Structures are given as structure tokens and as C-alpha cells.
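Student: I have a structure I would like to understand better, so I am pasting it below and will then ask my questions one at a time.
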Amino acid sequence: MKKVILALAIGTLASSHPGLAETSIAPTVSPITETPAYLKQDKPAETPSATPAPSDLPRESEENRNARMAWWRDARFGMFIHWGVYARLAGIYDGKEIPSLGEQIMGRGEIPVARYKELAKEFNPTKYNAEEWVLMAKKAGMKYIIITAKHVDGFALWPTATNDWDVESTAYKKDLLKPLAEACKKHGIKLGFYYAQTVDWSNGGACNNWDPAGKDDMVNYMNKIAIPQIKELANNYGDAPAILWWDVPVAMNLDYATRILDVLKVRPKLIQNNRLFKMHGHMGVIDMAALAEIKGNPLYGDTETPEQYIPPNGLGDRDFEVCMTMNDTWGYKSTDHNWKSAKTLIHQLIDIASKGGNYLLNVGPTGEGLFPEPIVERLDVIGKWMAVNSESIYGTHASPFAKLTWGRCTVKKHSDGTTLYLHVFDWPKDGQLLVPGLESKVKSASLLADGKKLKFKKSPEGVVIALPDKALDSDATVIKLEIVGAPKVSQVFIKPSEDGSIPLIASLADFPTPAKGGTPRFQEGETGNEIGFWSNPESSVSWEFTGAKPGEYEVLAEVSGIKDAKAIVTIGDQKLTAPLASTVNYSKYNSQSLGKIHIATDGNQVIVVKPDPADWTAFNLRQVTLKPKWIEVQSRAFRLVRNRIQN
């Protein structure tokens, strides 16, 4: 990216996009950084070993890898299905709601193995219609499906030869994977299998810490259950699986991992995620430093798996797939009605594609085999949007723009130029859409939905497109911009508002790569855009701005947190250590002063906010505002004059 300084007047943009800093897409909840007890192993895995150097393992040429990954990169959108006997329980055990994810009710409820198997006999999904599921996915624009063939309760959705803890032990009896594989092949949808390879609460795998009947015997479990079952899945379902999606490798070691990879040599085009051998971070949270170390190592698969969050800067050249729920659970829970809006889901799809990733959107069917109605409704809305706009998602690449306050951008490269798909979330009131920092020559601009040509012009700050009075789609209207060659984008800096204050909003923050661990998460929510899940004390956020009037500024932060903490603010050689007062819960925000700084020049500045490692509990952040001292002086003078007039 060419670094030419341009000033983006955020205050002006905000006036044409009312409520930009206030409105948003979904609330941030308390960060979950601790693994629950029922997903922990009491003792280390047998024969633990260090990760072998990449040179010790067979390699794949870049050409072969690109060919193998091509369909997946083009797809951009898939369906995750969490389904098993836990769906019959629907989050309820012995008449009580179990406060856990639906698929983890056995562990959180500490249900004995024998009792759980008795309950499983009642699993009878007579309304299951695999073809209907596939057609709903296809109509929504999804190109592949991944289903939980075996989750951590150890139950197999197919009739396995390894033991009797499978679908044949239920009232239903029939293979649940076979009709899905047939329907996927019929309708051109790729099918993948999720398989919990080490955690298994019923078969002697890891992490059953409450019932001796499920006590771990990893050697026996891997030899007689896991590896034979993986072999069954790899060989018995025709074209499937195209993907194997591993999870929670808490008791994995090198011997087990390499033996599994040997079994899978029968499927040379198979795509695997990064959770077979080790996970770098909690439940797929990405550690960029670790990624650099493991690049190209077959033990770490093909795709990173950020779970329930979108990496704010993408993951560079690493393929990644964001898995997310529509409500708060993966497996079905009858009491979970906290559904994200279809608009939120569409924005997440676009946001992930704009960062070069895939979106794996979860559904949790009921024990009868039906998608809950809120899921059906949302898939229908997404499908209608994709029917018009899928060109802007399939086969696209990451945006060349660091940040866009009004939406997102995806890219397609051609031999004679580039197509920029501008997804406008916030329609400008004045009908003028600024594409900030774009220096490339524009050939044409049009609405993707109806092909209507749009007028455009160059400006000192980029390219301005004249839009109709109203958006064609209230969720996201797509502008198709054809440019000459590769995108040329200059760096854009935040500029003060008209009153001299500098609003540093969450959507314009930078997320520097920390020395270790993951970054905080930018989240668009129903109640406000925010930076959340800030649990890593090594991480920070920053903003670049220019044009500030020299003088003293108060640093104000709109924050929320459940415990008191301290943050460090730096700008140039100045450093503030400021207390952050608890707001009791993460959904309650207030504005707190972090102290005062002095800005000596109107040139380019970088302000950094980071945790105080000695006193940090995760906080959420919506906005930092630099308020000049003269505003306070002017306000006092105004109040004084007003009081004199009144008196």
C-alpha cells in the first residue's frame, strides 16, 4: 500500500452517516478465556513430544496446495451443523436447564455415561430430511456443509463397527450421514465431517472427570475407537469428506496425529483445519507469532479457525474460516432465543470475505430433525441477498482498504484490471460515497443489483460516487467499481471534528500484532461497535490521526468491564497510566477520563492504548475521544455568560 498522507475528516463523514459511532450490529459479552473443566485433561497426554520441524515432514508444493484449496477459497460461505443425541435433551436434564452449550450438556450436567446412553435411546429424528437441509443451505448461498459426525459425547451419527455407541442404539437406527452425503452430491454441495478426535466422554477418550465409567484410556481409545472411526469416515461416504474438522486436541501427541494423517492418505485432496495436533490459543484464538512458526507444517492443517470472532486484520496469507452461531449455542437448546438478526449475519459474511476468509455459519437442528424456525427465516433472508449479490462474495479477495466507515470492500482481479465491490452498510445522507485514498483510475461505477451506472469523480481524498437517494437494500447495497490495474490506495489518517475534538472510534482502530497471544476483537453489535475480548495483556489498539491543533487534550474512553483495571496510554514520548473503574457488566458503558496529554504539532500522530500487565482484567472499548482544553474553557465561558443573562 502506498503511504501518502491524506486526511479523512471523520466528523464530516459522521454528519453524512448519522449515528455512525452510536449504532451498530451485536453486543459484546464477557470474554471466555478459560477452558471448562469438562474439556480439560487431568493428566498430560501419553508420550508428549515437541512439534517436529517442518522439514521433517512431507511437504506440498505451492502449486498443488493452491489447486487443492481452490474450491474452498472460491466458496467463502458454508454451513456448520451441530447435531446429535444432545438435541433431544435440548438443554434440559432432570427437568432443569443446564447452563452450557447445547452439545456439552453431558459434561456440564455431569450426566453419567449409562444415564446418557439411556436418554439417547429416545433420539428419534423422524422428520429429518437430508435433501431439505441441503437445499436450504444451497438456497442461502452456501457452498459446503460440515456436520458433527462425532462430538465430545462420543456418539456416532453413523453405524460404526467399533462399538455400539452410535445411531443404531437409538430409536431411529438409520445412518444419518449417508442420506446427507447423497443429497450433497446430488445438489453440488461439498460435505465435510467434524470429528472430536481426543475428547470423548463415553468411549475412554479424554476429559470425563466425573464418571469412572468414562475414565480415559487413551491408548485403547485411539487404537480401537478414534483411528478406526476416522478410517470409516474417510472410506465409506463416496466423495465425502471434502473437509475434516478436528476439535479440542487436549490429549493429542505426535504418534496419534501422524497415524491419523497416514489413514487419510486415501483422500489426497482432503482439506483439514488446524485443530488436529495442537491449538495455538483458546478455542481457535489466533496467535500471529505462532502462525509464522508453524507455516507449512502438515500437523497444523490448512485452515485457521477463529471461533465466534472475526480477526480484525485478517490473517495475512493464511487461509481461515470463521465459525459462528446464530444464537448463543451450537447444539440445539430450546431456551436459547438470543438470535442475531439476518442483517448481522449478512454483515458478518461480508466482513469475513473482505478480510479474505470463509464464513461457517452454524445451525442446530432439533431432536426431531428440523431446523428451528428462526434459522429457516434467517437462511431465507440471507439467500435472497445472495441471489442478487453473490458475485461480490464468491471467489473474492481481501480489501485493499485498511478501514471503511460506511461498510466493507471485496476484490476480484482480472487480466485487464480489478473489480472492487463496495458493500455499503450506512447509506450517506448527502448521496456522496467517499472511497478514501483510492488513487487508481476508475473505469466505471454501477449498482450490482440492477446494473445502473453511477457518476463518480476524483477528489483530494479519494473517489466520490454519486448514489441514489435511498439504498437498494437496507442490509447492504453493493456498488461495483471497475478500476485500471491493481488497486492503488494511499494511507488515510483521522482528522479532527469541527469543534477540534478527535473521535477515535472502534471501527477505525488498528490492532498491532502482539509479541505473544491474540489481539482484541472488533465487534459490530446490535447495541454498538466495540473492541472486546481484550484478555491478552500483551495486546494493544492504536489510531493514527493528523491535523490536531497543538495544545492540551483530555483523553476520554467509553468503556465497560466487570472488575477494576488499569490501562496505559502512549503518544510520542508521553505515557499515562490510568485506572479503569468497573461498570459491573460488559453491556454497561460509561465515559471515563484517562488523564491529559499535550500535542505539540499538527502533524501525524499515533496514540496507543494497552493494558497495564500488572493490573488487567478484560475491558471493552467503544471509543477514545481527545477533547481539547479550549472546548472546556469555551463551555465554562458560555455557562458564565448564560448565568449572567439569566440573573
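The values are calculated or read from the model by the stated rules, or taken from the named source; none is laboratory data. What you see is a predicted model; the values in this text were computed from it and never measured. Cβ sites come from the backbone with ideal geometry, for glycine too, and all protein chains shown count toward neighbours. Accessible surface is based on the protein model in full, side chains and every heavy atom, while ligands, DNA and RNA are left aside. Shrake-Rupley method; radii C 1.70, N 1.55, O 1.52, S 1.80 Å.
Student: For F493, what accessible surface area do you get with a 1.4 Å probe? Give it in Å², rounded to 10.
Tutor: About 10 Å², ignoring ligands and nucleic acids.
Student: Could you compute the net charge surrounding D450? Neighbours are other residues with a C-beta less than 12 Å from the C-beta of D450; K and R count +1, D and E count -1. Present the calculation step by step, with values, prior to reporting the outcome.
Tutor: Working: positive: K452, K453, K480; negative: D473.
Charge balance near D450 sits at +2.
Student: Going highest first, how would you order 379-388, 262-271 by mean Cβ packing within 10 Å? Spell out each step's value before the answer.
Tutor: Working: 379-388: 17.7, 262-271: 14.1.
Ranked by mean Cβ neighbours within 10 Å, highest first: 379-388, 262-271.
Student: Any number yet on Rg/Rh for the range 131-192, C-alpha, Kirkwood?
Tutor: 1.03
Student: So, one more: Leaving out ligands, DNA and RNA, what percent of the accessible area of the chain is carbon and sulfur, probe 1.4 Å? All intermediate terms of the calculation are to be shown ahead of the outcome.
Tutor: Working: 13740 of 26830 Å².
The C+S portion of the solvent-accessible surface of the chain is 51 percent.
Student: So for each of 195-206, 84-95, 447-458 I average, over its residues, the number of other beta carbons within 10 Å; can you give me the resulting order with the highest mean first? List each step's numbers first, then the result.
Tutor: Details: 195-206: 25.4, 84-95: 21.0, 447-458: 12.9.
Averaged packing, sorted descending, gives the order 195-206, 84-95, 447-458.
Student: Over all Cα pairs of the range 461-615, how is the pair count split among 10 Å bins, expressed in % and running from 0 up to the last occupied bin?
Tutor: 9, 31, 33, 19, 8, 0
Student: Rounded to the nearest 5, what % of the DSSP beta bridges within the chain are antiparallel ones? Walk me through the numbers before you get to the answer.
Tutor: Working: 80 of 115 bridges.
Of all bridge pairs located within the chain, approximately 70 percent are antiparallel.
Student: Still on this structure: Taking a cut-off of 20 Å between Cα atoms, list the aspartates and glutamates near K413, but don't count ones fewer than 8 places away on the same chain.
Tutor: Hits, sequence-local ones excluded: E62, E63, D74, D317, D319, D351, E391, E439, E482.
Student: Something else about it: With a 1.4 Å probe and all protein chains left in place, how much accessible area per residue does the chain have, in Å²?
Tutor: For the chain, the solvent-accessible area averages 41 Å² per residue.
Student: Could you tell me which residue out of W427, T325, A515 lies farthest along the dipole of the chain toward its positive end? Charges go on the beta carbon: Lys and Arg +1, Asp and Glu -1, centred on the Cα centre.
Tutor: Result: W427.
Student: Provide K173, K429 ordered by accessible surface of protein heavy atoms (probe 1.4 Å), highest first. Walk me through the numbers before you get to the answer.
Tutor: Details: K173 110, K429 155 Å².
Reading off the accessible areas and sorting them downward yields K429, K173.
Student: May I ask you to list, by number, the DSSP H helices of the chain whose Cα span along the axis is at least 20 Å and whose average Kyte-Doolittle hydropathy reaches 0.0 or more? Mind dumping the intermediate values first?
Tutor: Values: long enough: 373-389 (24 Å, 0.22); 629-646 (26 Å, -0.66).
Helices passing the filter in the chain: 373-389.
Student: Please give me the summed charge of the neighbours of F425: other residues whose Cβ is under 12 Å from its Cβ, Lys and Arg +1, Asp and Glu -1.
Tutor: -3
Student: Continuing with the same structure: Quick check on the chain: helices-only [θ] at 222 nm, where DSSP H runs of length 4 and up contribute -39,500 (n - 2.57) each and the sum goes over total residues. Nearest 500, please. Before the final figure, lay out the partial values.
Tutor: Details: 14 runs with 135 residues, N = 647.
Calculated from helices alone, the mean residue ellipticity at 222 nm is -6000 deg cm²/dmol.
Student: Using a 1.4 angstrom probe and counting only protein chains, how large is the accessible area of K224 in Å², to 10?
Tutor: Solvent-accessible area, nearest 10 Å²: 130 Å².
Student: What is the local net charge at Y237, summed over the other residues whose Cβ is closer than 13 Å to its Cβ (Lys, Arg +1; Asp, Glu -1)? It would help to have the intermediate numbers written out before the result.
Tutor: Working: positive: K178, K185, K190, K231, R267; negative: D175, E182, E232, D239.
Residues close to Y237 contribute a combined charge of +1.
Student: Ordered by packing density, taken as the mean number of other Cβ atoms within 10 Å over each peptide's residues, highest first, how do 145-152, 66-73, 349-356, 504-511 rank? Numbers along the way, then the final one.
Tutor: On the way: 145-152: 26.8, 66-73: 14.2, 349-356: 24.8, 504-511: 21.2.
In descending order of packing, they fall as 145-152, 349-356, 504-511, 66-73.
Student: Of K566/K596; K127/K185; K139/K178; K190/K480; K455/K495; K139/K186, which pairs sit farther than 18 Å apart, going by alpha carbon to alpha carbon?
Tutor: Details: K566/K596 16 Å; K127/K185 21 Å; K139/K178 21 Å; K190/K480 29 Å; K455/K495 27 Å; K139/K186 14 Å.
Cα-Cα > 18 Å for K127/K185; K139/K178; K190/K480; K455/K495; rest within.
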